[in-house]
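Read through the structure below, which is laid out as structure tokens, and then see the notes.
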Amino acid sequence: MSTGFERDPDEFARGARAVVVYPDMGGSSRDADARLEETAGLAVAIGVEVVEKVAFRLRQPKPGTLIGSGQVEALAETVRDSELQLAVFDAALTPVQQRNLEDALKCKVIDRTGLILEIFGERARTAEGRLQVELAHLDYQAGRLVRSWTHLERQRGGFGFLGGPGETQIEADRRLIRDRMARLRRELDQVSRTRGLHRERRQRAPWPVIALVGYTNAGKSSLFNRLTGSDVMAENLLFATLDPTLRQVSLPGIDKAILSDTVGFVSELPTQLVAAFKATLEEVVSADLLIHVRDIAHPDSEAQRADVEKVLSEIGVAEETPRFEAWNKIDLLEGERRDEVLALAAAREDVMPVSAVTGEGVEPLIDAVAAKLTQGHRRYTIALDPADGAGAAWLHQHGEVLEQSIDGDRVIYEVRMAPRDHERFVTRGY
């Protein structure tokens, strides 16, 4: 049985000419054009050439093909006339729908989850990132084995998916996938335990952890670079950052803090990825403060904010975790729109307008973050022996030394610090 699509259906072709399809079933906070643009951006991020973008209004999704038969015919005509090799659906397709659409369109079909997994697979650089992506991909692929092993139809010489030696092969592959997933989960559990040990060490130090979160391409890495002087990959590209990056920063009144750049979120983030990246996202869950970086110049900025907050809730970030919104890319705003955004930001204590590119607003953001982290700090008078260099260094490192004077044979320090730090110093439990 031939579908006209003979290569491995799981082989993703870079440079493929594609059509992006949005089945509009209503209920989305974005309009069809915005959804098409975002999905086209995801496709371009892995080298796909988007030739056509099509939205179909659906009253009722079809079990076999998701879209209606007339829409399938119209799409097949577009694929044929434009000589396209790929159809990217901005929706979740069942294995049956994916297979039927490939039969009808005579081209490769990939859904939103598969597309995001392809991007993550290409962007993973660290061993941990590759483990997480492989686990997510295997979880996604486990239900698609029947579709994946189309070459087995020729092996068993028949139609359908019952009987024959190919069925044994499919079951064997399912078992291999289950075994591999179990091994990956054990390895990621070890990663999670290691991260936990690192966090415990930081908490004993204690250095506050600040996590940058936000929608993909909101400018988190650019802001991270601006705050730390690093050169983390920062491009106008969806999911440019995948593996987490930690850097040490100094803030007013805080000698050392840890800043974490995390993977960008996206609407309808595949559940497989949320589960697989649990170890990475634990850095966000345990952070002392979140900076939610928003692309305030994007027309769907408010919808993106809601998507990010939804993911934060799903991964277990406490509502009481202190957070700021960094309204990034204000350098792209002009005239009345810029004035309006700045006025809205000025009316809120938890919002700081910034430009990671020009540096505008970054210093006020740093001051606001430092003030929030040092909130509740008290002023203490501490007398030290002049020879106690280690104690003096600790005070400078973990507190803000306001005044320093000499009284007889003692050095008097006026220090603002957290009560827990003062207690640790007094008991020398550091």
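Among Ile116, Ile382, a tally of other beta-carbon atoms within 10 Å of each Cβ gives an order, fewest to most, of Ile382, Ile116. Under the simplified labelling scheme, the Ala306-Arg428 pair shows an inter-label distance of 5.8 nm, with each label point 7 Å from Cα along Cα→Cβ.
Once C-alpha pairs closer than 8 Å and six or more residues apart are averaged by separation and normalised to the residue number of region 207-373, the relative contact order reads 26 percent. Counted residue by residue at 0.36 nm each, then reduced by the alpha carbon distance between them, the extension gain from Asp388 to Ser28 reaches 123.3 nm.
Going from the residue with the fewest nearby Cβ atoms within 10 Å to the one with the most, Met181, Met417, Met25 rank Met25, Met181, Met417. Both numbers refer to the Cα atoms of region 273-369; Rg and Dmax are 14.4, 44 Å. Positive contributions from Lys and Arg (+1) and negative ones from Asp and Glu (-1), summed over other residues with Cβ under 12 Å from the Cβ of Ile330, come out at -2. Secondary structure note: in region 17-117, about 5% of the DSSP beta bridges are antiparallel.
Estimated at 0.36 nm per residue, the fully extended path between Asp339 and Arg420 surpasses their Cα-Cα distance by 24.9 nm. Given R₀ = 35 Å, what would the calculated FRET efficiency be for Gln375 paired with Gln190, taking r from the Cβ atoms and rounding to 0.05? About 0.45, to the nearest 0.05. The modelled label-to-label distance for the pair Ala172/Leu246, using points 7 Å beyond Cα in the direction of Cβ, is 4.4 nm.
Each residue of region 372-378 is assigned a 3J(HN,Hα), and the resulting list reads 5, 6, 9, 4, x, 5, 10 Hz, derived from the Karplus form 6.51 cos²θ - 1.76 cosθ + 1.60 (θ = phi - 60°), x at Gly and Pro.
Quick note: the coordinates plus some simple rules give every number you see, no bench work behind them. Everything quoted here is computed from the prediction, not taken from an experiment. A quick note on method: Cβ atoms are made from the backbone with ideal geometry, for glycine too, and the neighbour counts reach across all protein chains shown.
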